Amino acid sequence: MNKKAFSLFVVMILAIVSIGGVYAFDLGSLFGDDSQGGDSSQDPNWETINVGGIDFNIPKNFKLQLDDQFNKTIGDVDYISTFKKYYNESEEIYITVSESPNYEATDDTVRELGGDSETINGIEGYLNYTPGNVSEGNNDGNPIYVEFPSYYTFSYAKDRKLVVVKATEKDFLYDIIIK
């Protein structure tokens, strides 16, 4: 794949991640050892789910809000993204797995998304923190305030796929991600 196509692929992934953060209240986002003991089948509070062929642990008190898949072509890169959003009363978890039949996601791909180098449950990737904010709008002269929560995003490459896990609590990442 040429450098221009690679850059377009990375830009598209960044756009998807950004849109998910901004519209967290109604859109999904992009796209082992854990503090709960690793195997959710032994812990009644966690269940194992599969997103795009990768297993994750999800707290059983979270409900699935969004489960979607889409195909895109950017430049000469075709890819498919699968994402799920889970929530409870005050917390959210997003998981996105993207893959391309003609492009292998690697650490270089993930590095392009940015963040601090981090290892979670033996998986090397990049961790980002996005602080929450309040957006102010106007509806016929009446102010409208929408609060967006803070998010921790961990991105990594696994099985040729780009994996992005986003959660409102950093500790969730250690429970969700399975090596």
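A few remarks follow.
- Only residues that are within 17 Å of Leu66 (Cβ to Cβ) and out of contact with any strand residue (DSSP E or B) (no Cβ under 6 Å at 6 or more places or on another chain) were counted across segment 139-171, and they come to 1.
- All conditions in (1) in contact with a Gly (Cβ under 9 Å, 6 or more places away or on another chain); (2) under 22 Å from Arg160 (Cβ atoms) hold for Tyr103, with the sole exception of (1).
- If you check Asn121, Asn128, Asn138, Asn142 for being over 22 Å from Tyr79 (Cβ atoms) and surrounded by 12 or more Cβ atoms within 10 Å (Cβ to Cβ), only one passes: Asn121.
- Candidate set from segment 39-77 (those that are in a strand (DSSP E or B) and of a type in the set (Lys, Arg)); member that is nearest to Tyr103 (Cα to Cα): Lys72
- So Glu92, is it within 13 Å of the chain's Cα centre (by Cα), among the acidic types (Asp, Glu), surrounded by 12 or more Cβ atoms within 10 Å (Cβ to Cβ) and within 24 Å of Pro59 (Cβ to Cβ): yes
- Looking across segment 149-167 at every residue that is of a type outside the set (Phe, Trp, Tyr) and within 12 Å of Ile95 (Cα to Cα), the one that is farthest from the chain's Cα centre (by Cα) is identified as Leu162.
- If the condition is being in a loop (DSSP other than H, G, I, E, B), more than 18 Å from Asp55 (Cβ to Cβ) and polar (S, T, N, Q), then segment 112-166 contributes only Ser150.
- Put simply, of Ile95, Ile80 the only residue that is among the β-branched types (Val, Ile, Thr), farther than 20 Å from Ala167 by Cα, modelled with pLDDT of 90 or more and part of a strand (DSSP E or B) is Ile80.
- Looking across segment 53-66, the residues that are closer than 20 Å to Ile178 by Cα and not β-branched (Val, Ile, Thr) come down to Gly53, Asp55, Phe56, Asn57, Pro59, Lys60, Asn61, Phe62, Lys63, Leu64.
The values are calculated or read from the model by the stated rules, or taken from the named source; none is laboratory data. Keep in mind that this is a model prediction, so the values were computed, not measured. Cβ sites come from the backbone with ideal geometry, for glycine too, and all protein chains shown count toward neighbours.
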